[in-house]
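**Q** Here it is: the structure, laid out below.
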Amino acid sequence: MCATDSGVRAAQLRSLSSPRDRGVGSRPGAIPDGRRDEPLRVLTKLRYALFGVLSALAGMGVGHLVAAVTQPESSPVLAVGETVIDHTPTPVKNWAIAHFGTHDKTILVGSVLIGVLVLAGVAGALAHRAFRYGAGVLVLLVGVALYAALSRPVVHPVDALPGIVTAVVGVATLWLLVHLDQHRGTTDTRAGSTAPSRRAVLLGIGGVAVVAAAGGYAGRVIAHSRAAIGNVTLPRPKSPAKAFPAGLDRKVPGITPFRTTVDDFYRVDTRLSLPIVDAGSWELVIDGDVARSQSFSFDDLLAMPLIERDITLTCVSNEIGGPYVGGARWLGVPLRTLLDKAGVGRSSDQILSTDVDGMTISTPLALATDGRDAMIAVGMNGEPLPRAHGFPARMVVPGLYGFISACKWINRMTLTTYADHSAYWTDRGWAEDAPIKIESRIDTPQGLQHVKAGRTFIGGIAWAQPIGVGTVEVQVDGGRWQKATLGPSAGHDYWRQWYLEWDARPGQHQLACRATDREGHVQTTARTSPFPNGASGVQKIQVSVT
Ligand SMILES: Nc1nc2c(c(=O)[nH]1)N[C@H]1C(S)=C(S)[C@@H](COP(=O)(O)O)O[C@H]1N2
Ligand SMILES: [Mo]
């Protein structure tokens with residue numbers, strides 16, 4: 001996404017610096033009258049460009065504020081950003097995830113903002129020539145954002161409001177600044193004392209900046225307070241998880257903690273701002289190929305017998321050795337319970353999940369109902385689901401990558417077929433069927449790290465949901481595979497920590513690890529990239545021992 005963005009930006013910069021009116025009014029051989037004014041003219045242009053930028057900022061600040069009280073996603077910059085995400089070609093998206101990781105969104109929003117402000121500067125400069133040109137460009141800019149906001153999968157009429165407000169405030173601000181500037185210091189006696197002074201212009205600029213900042217800030221605060229989850233008390237599970245064993249966290253410094261905290265849990269989704277869902281009015285609908293369409297309130301779910309399980313979630317975009325994996329304790333209603341209430345028909349092979357904003361995720365019905373602990377989760381690590389992880393409810397299916405199973409903010413499950421319906425990721429070329437591949441990761445030592453010679457640990461994690469890890473082996477400098485010691489088990493759907501004591505001799509060393517599941521399937525050495533059904537291969541790192 002960022003590659004295309006910077007291309008666009010470069011083009012904009014080029015057009016900004018093009019010598020548009022440098023030649024206006026000057027003829028060959030003419031007295032360099034204009035030339036004497038040149039620095040002044042450039043300064044004026046720059047001042048008007050600043051007016052444009054400020055107008056855009058004021059418009060966006062107030063638009064953001066309006067979006068916060070109506071629908072955060074419809075805020076102009078976010079709307080453009082999300083549309084860019086949805087339309088970014090898969091390879092570019094993968095590249096961005098690989099290079100920027102969880103910062104990809106910050107970089108995206110930043111790029112959109114810079115692009116918008118550059119164009120707003122152009123609009124301001126144009127306003128010097130004729131106000132309507134500048135206003136026209138501003139309106140055009142907002143028009144693009146408005147179009148983006150109204151092309152989201154689920155749209156309400158109020159989603160147009162932030163864009164409209166942005167346009168009105170932006171154009172009004174530009175008019176105000178241009179007006180102040182053009183009437184500054186007029187000595188016309190008829191205008192007399194009403195002519196604005198240089199001070200008034202500066203005050204105007206300052207005021208606009210304050211409005212922009214205050215609007216943006218207030219928007220954040222309001223969106224935050226509206227997003228409070230409120231008082232949700234989770235019931236005790238009918239089927240609790242087994243006691244969680246102490247892992248190797250203390251024994252092996254630098255190893256991934258056996259339990260991932262909510263704050264440290266990786267997050268992958270297509271959103272730039274989190275949906276605000278009121279659990280009181282939220283409903284989960286089951287429809288499609290079912291005997292009886294169903295609709296459950298949040299309280300309905302809490303009143304059902306709940307299961308609690310330790311499950312490791314993994315993202316298909318995770319590279320070998322990558323960070324998009326986490327282990328948590330999930331509380332929820334077994335998927336089976338809900339599907340049985342609806343009575344699944346014979347023709348469906350897919351559960352098409354939809355989130356509150358119309359994002360879709362397809363799950364193979366046969367796998368989700370083969371006896372594994374698939375659930376609609378309402379709790380994570382003993383708390384209600386955090387907003388980033390799907391409040392009020394999400395699907396969790398052990399052994400399937402998140403993009404075909406873990407729909408967050410879910411509010412509909414439609415029983416259908418792959419022939420009839422496709423979902424967000426599969427539309428972009430990702431696999432329909434994607435069981436999590438057996439994998440292991442070295443956490444310590446880190447690649448390229450300097451290690452002190454002597455006895456130390458090589459340690460990490462391995463996962464093979466839903467079968468479970470059987471063994472982990474470590475290879476030093478291409479030698480024989482040595483069996484690592486496994487940490488305690490928290491069930492077959494959960495990752496396992498492991499370590500090998502290593503007498504590190506001075507020099508460069510290569511370390512590798514591989515896992516085998518309990519049925520004897522060995523992690524393959526054949527390297528594939530994450531697209532379209534998950535990375536495979538063995539992680540190899542270099543360390544230097546001194
Ligand atoms: N509504 C929604 N659910 C979603 C996604 C999304 O973009 N939107 N991303 C999926 C992907 S690709 C993964 S790997 C998991 C990640 O869950 P987490 O963010 O709680 O770790 O959520 C899945 N559920
Ligand atoms: Mo994912």
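Just so it is clear, none of the values below were taken in a lab; they were calculated from the coordinates. Just so we're clear, the structure is a prediction, and the values are computed from it rather than from any experiment. Counting neighbours? That spans all protein chains shown, and the Cβs are built from the backbone with ideal geometry, glycine included.
**Q** Apply the a/c threshold of 1.5 to the C-alpha gyration tensor of the range 461-546 and tell me whether it is rounded, prolate or oblate.
**A** Here the range 461-546 falls in the oblate category.
**Q** A further question follows. Please give the FRET efficiency for ALA130 paired with SER544, using the beta carbon to beta carbon distance and R0 = 60 Å, rounded to the nearest 0.05.
**A** 0.35
**Q** Under a plain spin-label model, where a point goes 7 Å from the Cα along Cα-to-Cβ, how far apart in nm are ARG220 and VAL158?
**A** 2.3 nm
**Q** PRE reach from HIS521 (point 7 Å along Cα→Cβ): which of the range 468-499 fall under 14 Å by backbone N?
**A** 468-471, 493
**Q** Next question. For LEU113 and GLU283, what does the FRET efficiency come to when R0 = 60 Å and r is the distance between their Cβ atoms, rounded to the nearest 0.05?
**A** For R0 = 60 Å, the calculated efficiency reads 0.95.
**Q** Rank these for me by crowding, VAL210, VAL397, going from fewest to most other beta carbons within 10 Å.
**A** So the ranking, lowest neighbour count to highest, is VAL210, VAL397.
**Q** Which shape class applies to the range 195-263: rounded if a/c is under 1.5, otherwise prolate when a/b exceeds b/c and oblate if not, where a ≥ b ≥ c are the square roots of the Cα gyration tensor eigenvalues?
**A** oblate
**Q** How do the peptides 239-252, 513-526, 311-324 rank, highest first, by the average count of neighbouring beta carbon atoms within 10 Å per residue?
**A** For the peptides 239-252, 513-526, 311-324, the packing ranking is 311-324, 513-526, 239-252.
**Q** Now for a different question. Assuming R0 = 30 Å, what is the FRET efficiency of SER529 and ASP477, from their Cβ-Cβ distance, to the nearest 0.05?
**A** Given R0 = 30 Å and the Cβ-Cβ separation, E is 0.70.
**Q** Rounded to the nearest Å, what's the spacing between the alpha carbon centres of the range 198-265 and the range 484-520? Just the number, please.
**A** The range 198-265 and the range 484-520 have Cα centres separated by 33 Å.
**Q** Tally Lys/Arg at +1 and Asp/Glu at -1 over every other residue whose Cβ is under 10 Å from the Cβ of ASP310; what's the total?
**A** Taking every other residue near ASP310 into account, the sum is +1.
**Q** From the square roots a ≥ b ≥ c of the eigenvalues of the alpha-carbon gyration tensor of the chain, which class results: rounded (a/c under 1.5), prolate (a/b over b/c), or oblate?
**A** Judged from the Cα gyration tensor, the chain comes out prolate (a/c at least 1.5, a/b above b/c).
**Q** Round to a whole angstrom and tell me the spacing of the C-alpha centers of the range 370-388 and the range 38-79.
**A** Rounded to whole Å, the Cα centres lie 41 Å apart.
**Q** Which angle between 0 and 90 degrees, to the nearest 10, do you get for helix 131-150 versus the longest principal axis of the chain when only C-alpha atoms count?
**A** Tilt relative to the chain: about 20 degrees.
**Q** Rounded to whole Å, give me the distance from the Cα center of the range 294-358 to that of the range 449-472.
**A** 30 Å
**Q** OK, next. Set the bar at 24 Å for Cα to Cα. Now go through LYS105/LYS437; LYS251/LYS452; LYS105/LYS408; LYS341/LYS408 and name every pair that lies beyond it.
**A** Those over the limit are LYS105/LYS437.
**Q** Please rank TYR418, TYR48, TYR147, fewest neighbouring Cβ atoms within 10 Å first, as an exposure proxy.
**A** Fewest-to-most ranking of TYR418, TYR48, TYR147: TYR147, TYR418, TYR48.
**Q** Which angle from 0 to 90°, rounded to the nearest 10, does the C-alpha axis of helix 76-87 make with the longest principal axis of the chain?
**A** Helix 76-87 sits roughly 50 degrees off the main axis of the chain.
**Q** Given the -39500 (n - 2.57) contribution per DSSP H run of 4+ residues, what per-residue ellipticity at 222 nm results for the chain, rounded to the nearest 500 deg cm²/dmol?
**A** The helix-only estimate for the chain comes to -12000 deg cm²/dmol at 222 nm.
**Q** At 7 Å along Cα-to-Cβ for each site, give me the label-to-label distance between ALA419 and HIS103 in nm.
**A** Distance between label points: 4.9 nm.
**Q** Measure nothing fancy, just the Cα-based angle from helix 90-100's long axis to the longest principal axis of the chain, in degrees from 0 to 90, nearest 10.
**A** 90 degrees
**Q** When ranked by the protection proxy of mean other Cβ atoms within 10 Å per residue, highest first, what sequence do the peptides 425-434, 112-121, 501-510, 446-455 form?
**A** Descending mean neighbour count gives 112-121, 425-434, 501-510, 446-455.
**Q** Under the 0.36 nm per residue contour assumption, what length would be gained going from the current alpha-carbon distance of ASP370 and PHE244 to full extension?
**A** Taking 0.36 nm per residue and subtracting the Cα distance, the gain is 42.8 nm.
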